[in-house]
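Here the structure comes first, spelled out in C-alpha cells, and everything after it is commentary.
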Amino acid sequence: MADDPLEVSRRKFVAHSGAAFATFAAIKTAFADTVSQLAPKGRADEGYWDKIRRKFMLEDGLAYLNNGTVGPTPTPVFDNLCAYWRLMAVNPNENSATLQGRLEAIRQKAAQFLGAFPDEIAIVRNATECNNLVAQGIDLKAGDEVLIGYLEHDSNRQPWLVKAKRQGIVVKEVPIGTPPASPEEILQAFEAAITPRTRALAVTHCDTVTGAYAPIKELARLARDKGLPCFADGAQVPGMVPVNVQDLGVDTYATTCHKWLCSPAGTGLLYVRREVQERIWPNIVTENWWSFKDARKYEHVSRRPWPVVAALEDAIDFQNAIGRDRIESRIRALSSHFRSRAAEIPHVKLYTSNDPRLSGAMTSLGMDNVAPVKLREYLRQRYDVYTAERSKGVKYPADPHGVEGIRVSLHYYNTFEQVERVLQGLRELSSGKV
C-alpha cells in the first residue's frame, strides 16, 4: 500500500526542521566552545589583550579609535551571523522560525546585561528608534516642557523637536560645560531649569561629542522627587561599562548595540520600567499588538532580519566571557593614560575630564594651532590611526562652547602602543614643524 502523500510531506517537514535545528545547534555549540576560552587563565596582561584583539578582523596595523560611532564585530560573532544568513537562504521561512525562536532567550540575556526584568526589555534596531518610541509615545500637551542637555545626540533631540512642532510642547536645552567641572554642576543645572511646566527629563548618560558622563542616577532621583519621569539615552554606555538600569532609577533607557557591545548594526535595546509602560504608546503596530502588555509591544515590526537579532545574543555572550568589569578596567586604564599624557602637550585642549565620574572610554580634544581636519588626517596618514572629527556647526546650536578637534574612542581591543601613536602625532603637530 502506497504511503499517504500528506504523511510523506509531514515526515519530510519534520526531518527538515530537525536538520535546521541541528545545524543551528551545532553553530551555537561551536561558538560556546570558542567563548569559553576567552577568560584569562591568570592576570589580564598585554599578552592576554593581544589574544583578544586577534579575535577581530581589523586591518593589520590599523588603530581603530572610533568605537563611539560603530564598533567592529568580533570574528566569531561575524561568522555566526554569516551562518545564520546562510540558514535563511537555504530555507527562509523554516529557518527564520528557528532563529526567531531564540527571541525570549535573547531577551533574558539582554535583561541580565542591563539589570532589568525581561518584560521591561524591547529588542529594537538602535537608540534612535528607542528615543523616538519614547518621545512620540508619551502623552504631552501644548506648553509642557521637556529638558534635554546641550550636547544631546540628534536621535534624542530631534524626536522632541518634532513633538514640539506637532503638539506645541517646549524643549529646553540645559547648559553643560565642556568639560563640566563636576557631576554636581550638571545636576544643579537641570534642577535650576525645572519649572512648574516641566514634564520630563530626557538626558544622555554619556554624550557623543565629548564623552562626558552625566550623573544619571542623581538626575533620575531629582526627577522622581519632582514627580517627573527620567528618560535616559544610553547609546554610548552598555558594553563600555556595566549598567544596571534598576539601580540608576531611570524610567526608560535607550541603547545601541553596534557601538561598545560590538554587535552587528541593526540591534538595540529599550528598557521601559514596568510602572511607566502604560504611559508610553507603541509607535509601530501590527496584528495583535494589543495582546502585549509589557515592553514587547514596542518591538513588533513584522518581518525582521532575524540573523542580526540572533547575533546579538552572541555579542552579549562574547563580552560576558571576557568579563564586563575586566573590560571597564581595561578601557579606563587606556583612556586615563591617554588623557593624562595628552594634557601635557602644548596647544592641546581637552574637552573631556579625566575625572572617572565624568568620563569613560571617549576623549575629545583639539589643538589651537591645527585645524580638526588636518589633525584627523595627519594621524590617519602618518600613524594609521582612525578617529572621528569634531567641529563647530549647526548640529549642536545651543552649545556656546563648541568642540574643535577629534574624538578618540578606546576599547578593550586597543593597545597602549596605539595610544602612543596618537600622542606622538600630537607632539609632532604641536611643534609646528609638520
Tell me the carbon and sulfur percent of the accessible area for the chain, rounded to whole percent, probe radius 1.4 Å. 54
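When every alpha-carbon pair in region 130-176 is counted, what percent end up more than 18 Å apart?
Details: 208 of 1081 pairs.
Taking all Cα-Cα pairs of region 130-176, the fraction more than 18 Å apart is 19 percent.
Out of every Cα-Cα pair in region 91-239, what percent are more than 23 Å apart? Don't jump to the answer; show the numbers that get you there.
Details: 4642 of 11026 pairs.
That tail contains 42 percent of the Cα-Cα pairs.
Mind ordering 205-211, 47-53, 131-137 by average Cβ neighbours within 10 Å, highest first? Walk me through the intermediate numbers first.
On the way: 205-211: 26.0, 47-53: 15.1, 131-137: 23.4.
Output ranking for 205-211, 47-53, 131-137: 205-211, 131-137, 47-53.
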Give me the base-10 log of I(q)/I(0) for the chain at each q in 0.06, 0.07, 0.11 Å⁻¹, Debye formula, one uniform scatterer per Cα, rounded to two decimals. -0.28, -0.38, -0.88
Return the aspartates and glutamates within reach of LYS293: Cα separation strictly under 20 angstrom, same-chain partners fewer than 8 residues apart disregarded; answer none if there are no such residues. GLU104, ASP119, GLU120, GLU129, ASP139, ASP251, GLU275, GLU278
Equivalent ellipsoid semi-axes for region 215-264, as square roots of 5 times the alpha carbon gyration tensor eigenvalues: give them largest first, rounded to whole Å. 24, 10, 7
Would you calculate a helix-derived [θ] at 222 nm for the chain, using -39,500 (n - 2.57) for each DSSP H run of n ≥ 4 and dividing by the full residue count, to the nearest 500? -14000 deg cm²/dmol
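When all alpha-carbon pairs of region 320-380 are counted, what percent fall beyond 13 Å?
Numbers: 1215 of 1830 pairs.
Taking all Cα-Cα pairs of region 320-380, the fraction more than 13 Å apart is 66 percent.
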Pick out which of ASP119, ASP154, ASP139 has the largest mean-square fluctuation in a Gaussian network model of the chain, springs linking Cα atoms closer than 10 Å. ASP139
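Per the Kirkwood formula on distinct C-alpha pairs, the Rh of region 92-170 is how many angstrom?
After inverting the pairwise mean of 1/r, the radius is 15.0 Å.
Where only protein heavy atoms count, and the probe is 1.4 Å, what is the accessible area per residue for region 54-160 in Å²?
Numbers: 4070 Å² over 107 residues.
Value returned for region 54-160: 38 Å² of accessible area per residue.
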GNM of the chain, Cα pairs under 10 angstrom: of GLY101, GLY68, GLY405, the biggest fluctuation goes to GLY101
Quote the charge dipole size of the chain about the Cα centre in Debye, to the nearest 20; the model charges only the Cβ of Lys and Arg (+1) and of Asp and Glu (-1). 320
Mean Cβ-within-10 Å packing, highest first, puts peptides 339-347, 79-87 in the order 79-87, 339-347
Convex hull volume per residue in cubic angstrom - Cα atoms of region 233-333: 109
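Per residue, how much accessible area does region 216-320 show when a 1.4 Å probe rolls over the protein heavy atoms, in square angstrom?
Details: 3840 Å² over 105 residues.
Value for region 216-320: 37 Å² per residue.
The values are calculated or read from the model by the stated rules, or taken from the named source; none is laboratory data. All of these numbers come straight from a predicted model, not from anything done at the bench. Cβ coordinates were reconstructed from backbone atoms using ideal geometry, including for glycine residues, and neighbour counts include every protein chain displayed. These accessible areas exclude ligands, DNA and RNA; they are computed on the full protein's heavy atoms, side chains included. Shrake-Rupley method; radii C 1.70, N 1.55, O 1.52, S 1.80 Å.
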